[in-house]
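Handing you this structure, nothing more for now.
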Amino acid sequence: MITVKEVDKSFLELYDKVAMNVNVNSEYKVERINNGLGGFILKEVQVEPYIKDLSSYEHATEYENEFDITNWRFYMAFDGDIPVGAMTVAGKTEGLNMLYGRKDACVLWDIRIADTYKRKGIGQKLLDMGILDAKRDGYRQMIIECQNNNVQACKFYQKQGAVLSKIDMYAYYLEPEIRNEIQFIWYLDI
């Protein structure tokens, strides 16, 4: 029996135990028409399969080192006592660039599901709970970041009604190991 609940920061060590692997079988390639003036075409192309471990970039136990997490909400999914999913929604936070100074928006900062629990509706349950709380907190939009090699996440966000609004081909340029990834920013009206 999977249970989903909001948790406080005392759970963040347990939160970090949930794997954050992306099984990459395809990527979205961005083709610029007339150097971008004519728009963009996204094409899903197959790639040599690999696993990208996002846990190496994201540690919930370190959030407080960089941000005031007073307005952040944390959610977890459990199979009995075993953590199998987790999600963070960041609210009003000074210095959180993804908010662009907005007070009416929140950020889906992180969502992760353990490998053996994917495609069982856990991510949907977490997101539904986060959206409901975000509405109660007065937010009107949720801003979501992902990359072109996380096709499953892109399709999930699109299914929720999120709109791909920004494509940044150079967002990770200064990070050699992910320099070729493309940042996608989605906006979800809530």
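The values are calculated or read from the model by the stated rules, or taken from the named source; none is laboratory data. Please read these numbers as outputs of a predicted model, since none were measured by experiment. Positions of Cβ are backbone-derived with ideal geometry, glycine not excepted, and every protein chain shown enters the neighbour counts. Heads up: the accessible areas ignore ligands, DNA and RNA and are worked out on the full protein's heavy atoms, side chains in. Shrake-Rupley method; radii C 1.70, N 1.55, O 1.52, S 1.80 Å.
Please work out the Kirkwood hydrodynamic radius for the range 46-149, using every pair of different C-alpha atoms, and report it in angstroms with one decimal place. Don't jump to the answer; show the numbers that get you there.
Values: mean 1/r = 0.0670 Å⁻¹.
Evaluated over the range 46-149, this radius sits at 14.9 Å.
Loop only by DSSP, 11 or fewer other Cβ within 10 Å of the Cβ. Give me the trypsin sites (Lys or Arg not before Pro) in the range 124-190 that pass, ordered by residue number.
Working: sites: 125, 135, 136, 140, 155, 159, 166, 179; in loops: 140, 179.
Those that pass, being in a loop and sparsely packed, are 179.
Helix 151-160 versus the longest principal axis of the chain: what is the Cα-based angle in degrees, 0 to 90, to the nearest 10?
Roughly 70 degrees between the two axes.
OK, next. Provide the gained length on full extension for the span residue 51 to residue 159, in nm with one decimal, where the gain is 0.36 nm per separating residue minus the Cα-Cα distance.
Value of the extension gain: 36.6 nm.
Further, regarding this structure: Do any of 9/92; 43/166; 43/120; 43/125; 29/155; 43/118 go past 23 Å between their Cα atoms, and which? Mind dumping the intermediate values first?
Values: 9/92 17 Å; 43/166 16 Å; 43/120 27 Å; 43/125 29 Å; 29/155 15 Å; 43/118 25 Å.
Among 9/92; 43/166; 43/120; 43/125; 29/155; 43/118, the Cα-Cα distance tops 23 Å for 43/120; 43/125; 43/118.
Follow-up. Could you check how much of the accessible area of the chain is carbon and sulfur, as a whole percent, using a 1.4 Å probe? Write down the numbers at each step before the final one.
Values: 5130 of 10560 Å².
Its accessible area is 49 percent carbon and sulfur atoms.
Taking the alpha-carbon centroid of each part, what is the distance from the range 132-186 to the range 53-71 in angstrom?
Cα centres, the range 132-186 to the range 53-71: 17 Å.
Over the range 64-107, what relative contact order in percent results from Cα pairs under 8 Å that are six or more residues apart? Before the final figure, lay out the partial values.
Numbers: 56 pairs, mean separation 14.8, N = 44.
Value for the range 64-107: 34 percent.
From Cα coordinates alone, what are the radius of gyration and Dmax values for the range 1-41 in angstrom?
Reported Rg and Dmax, both Å: 19.9, 53.
Here is a follow-up. Taking a virtual spin label 7 Å from the Cα of residue 124 along the C-beta vector, which residues in the range 58-83 bring their backbone nitrogen under 17 Å of it?
77
Same structure, new question: What's log10 of I(q)/I(0) for the chain at q = 0.13, 0.20 Å⁻¹, Debye sum over Cα points only, no solvent?
With one equal scatterer per Cα and no solvent, log10 I(q)/I(0) is -0.71, -1.64.
Now a separate question. Kirkwood Rh over alpha-carbon pairs of the range 55-94, then Stokes-Einstein at 37 °C and 0.692 mPa s: what D in µm² s⁻¹, rounded to an integer? Write down the numbers at each step before the final one.
On the way: Rh = 11.5 Å.
It diffuses with D of about 287 µm²/s by this estimate.
Something else about it: State in Å² the accessible area per residue of the chain; use a 1.4 Å probe, count heavy atoms of protein chains only, and round to the nearest integer.
Working: 10560 Å² over 190 residues.
Here the per-residue accessible area is 56 Å².
Tell me the angle of helix 122-136 to the major Cα principal axis of the chain, expressed in degrees between 0 and 90 and rounded to the nearest ten.
80
Show that you can apply the helix-only estimate: for the chain, add -39,500 (n - 2.57) for every DSSP H stretch of four or more residues, divide by all residues, and state [θ] at 222 nm to the nearest 500.
-4500 deg cm²/dmol
Loop-only check: which GluC sites (Glu not before Pro) in the range 1-85 are DSSP coil with at most 15 other Cβ within 10 angstrom?
Details: sites: 6, 13, 27, 31, 44, 58, 62, 64, 66; in loops: 58.
Filter output for the range 1-85: 58.
Right, here's the next one. What are the chymotrypsin sites (Phe, Trp or Tyr not before Pro) within the range 13-70 that DSSP puts in a loop, where the Cβ has at most 15 other Cβ atoms within 10 Å? Walk me through the numbers on the way to the answer.
Numbers: sites: 15, 28, 40, 50, 57, 63, 67; in loops: 57, 67.
Listed in order of number, the matching sites are 57.
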